[in-house]
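Working notes, beginning with the structure itself.
The values are calculated or read from the model by the stated rules, or taken from the named source; none is laboratory data. Quantities reported herein were computed from a predicted structural model and do not represent experimental measurements. Heads up, the Cβs are rebuilt from the backbone with ideal geometry, glycines too, and the neighbour counts pull from every protein chain shown.
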Amino acid sequence: MRIVDFSEQWVPQAKILVEEGYQRLRRELPWLSQEIALPDFTSIVTAGLGVAAIEGGDLLAFLACYRPFPNAFHTTGVKGVFSPLHGHAIKQGVNPKIFEILYQTAAEKWVAEGILSHAICLYQNERDLQELFFMNGFGVRCMDLARENLGFQPEKPCQATLKRLEGEAIAKVLTMNNLLIEHLSSTPVFMKFPPMTEQEFMSKNQEYIFYVAELEGEAVAYLRFGQEGENFVANGNSMIHCVGAYSLPEHRGSGIMDHLLAFASEDLRAKGYPLMGVDCESLNPQARFYWQKHFTAYTYSVVRRIDDKII
């Protein structure tokens with residue numbers, strides 16, 4: 001076995017391994033059975049930061065990433081890389097410990113380029129790889145979840161008025177959007193964003209679908225849905241994604257958010273979406289606990305932060 005740079009010549013075999021990994025996920029979660037097209041591999045090849053384990057002319061496994069980006073995970077001044085779901089794969093029957101060597105080799109490249117935040121997206125069923133990267137100093141940062149959009153009946157009663165917002169009416173949730181930003185900056189998440197002005201909010205959110213719960217005419221919870229997913233598994237036409245959610249603290253646990261999610265689920269199913277997806281910061285316990293109650297995790301993104309002093 002040899003470790004070499006991940007280059008264009010290995011892409012055909014890499015696509016086969018990535019497809020096999022996706023099919024293993026589909027067997028474990030058969031309802032998550034969108035027909036998808038694999039992403040283009042050009043960006044992870046031209047980044048020049050990937051490595052491959054080969055034997056003769058066979059690709060055993062590879063680990064590649066996108067080009068480095070600044071302020072990784074909102075950490076000012078820290079350069080990071082991200083290996084997406086199609087940025088790594090392993091041949092069936094090969095010992096997952098091969099990623100010990102792949103990461104060691106890739107990390108040497110990355111740190112030599114001043115890249116100190118290393119992130120890798122793993123399937124939830126890749127438990128051996130999760131354990132391997134945990135032992136290499138990684139921790140879970142994000143998770144992707146999905147559910148079959150069959151609807152559900154919330155347990156608690158709800159007196160809130162539930163509605164879909166369109167056009168100028170979405171301004172009604174601006175205050176809650178900024179409260180969400182404030183929440184993300186607090187313990188234990190510590191992600192800092194500036195609050196949005198009404199003009200910014202309106203200009204960036206016209207293509208999304210908003211749902212809101214109101215009590216006595218005042219918005220107390222909202223959900224925001226859009227087409228974009230965080231990985232190729234999520235980018236089929238049959239899945240819609242929750243890309244924003246917030247409930248006023250005094251109404252959490254009241255059942256209002258469950259009713260709003262059920263209302264949105266019914267409306268989105270009528271619009272032709274048999275699957276729903278969501279991604280969240282796993283270090284946001286309120287979000288993690290809520291989404292895990294209604295959705296099934298299918299990826300975990302793990303991150304390692306290297307000490308600045310190494311460079």
Residue selected from region 142-178 under the condition of a type in the set (D, E, K, R), within 30 Å of Met202 (Cβ to Cβ) and surrounded by fewer than 18 Cβ atoms within 10 Å (Cβ to Cβ), by the criterion modelled with the lowest pLDDT = Glu166
request  = Output yes when any residue across region 267-287 is touching a helix residue (DSSP H, G or I) at 6+ places or on another chain (Cβ under 9 Å), in a helix (DSSP H, G or I) and more than 30 Å from Leu116 (Cβ to Cβ), and no when none is.
outcome  = no
ask   = Going by the conditions given, is Leu275 more than 25 Å from Pro30 (Cα to Cα) and either in contact with a strand residue (DSSP E or B) (Cβ under 7 Å, 6 or more places away or on another chain) or surrounded by 16 or more Cβ atoms within 10 Å (Cβ to Cβ) (or both)?
value = no
remark   = Taking first residues from region 181-198 that are farther than 18 Å from Thr76 by Cβ and second residues anywhere that are part of a loop (DSSP other than H, G, I, E, B) and among the β-branched types (Val, Ile, Thr), the pairs with Cβ under 8 Å that are 6 or more apart or on different chains are His183/Val189
ask   = Does Leu85 satisfy the criteria of being surrounded by fewer than 17 Cβ atoms within 10 Å (Cβ to Cβ) and either under 23 Å from Tyr298 (Cα atoms) or in contact with a Cys (Cβ under 9 Å, 6 or more places away or on another chain) (or both)?
value = no
request  = Would you check which residues across region 38-87 are of a type in the set (Val, Ile, Thr) and within 18 Å of Gln13 (Cα to Cα) and list them?
outcome  = Thr42, Ile44, Val45, Thr46, Val51, Ile54
query = Which of the residues belonging to region 179-196 are of a type in the set (A, V, I, L, M, F, W, C) and either surrounded by 15 or more Cβ atoms within 10 Å (Cβ to Cβ) or part of a helix (DSSP H, G or I) (or both)?
reply = Leu179, Leu180, Ile181, Leu184, Val189, Met191, Met196
task = Name every residue in region 48-84 that is touching a helix residue (DSSP H, G or I) at 6+ places or on another chain (Cβ under 6 Å) and of a type in the set (Ser, Thr, Tyr), in order of residue number.
result = Tyr66
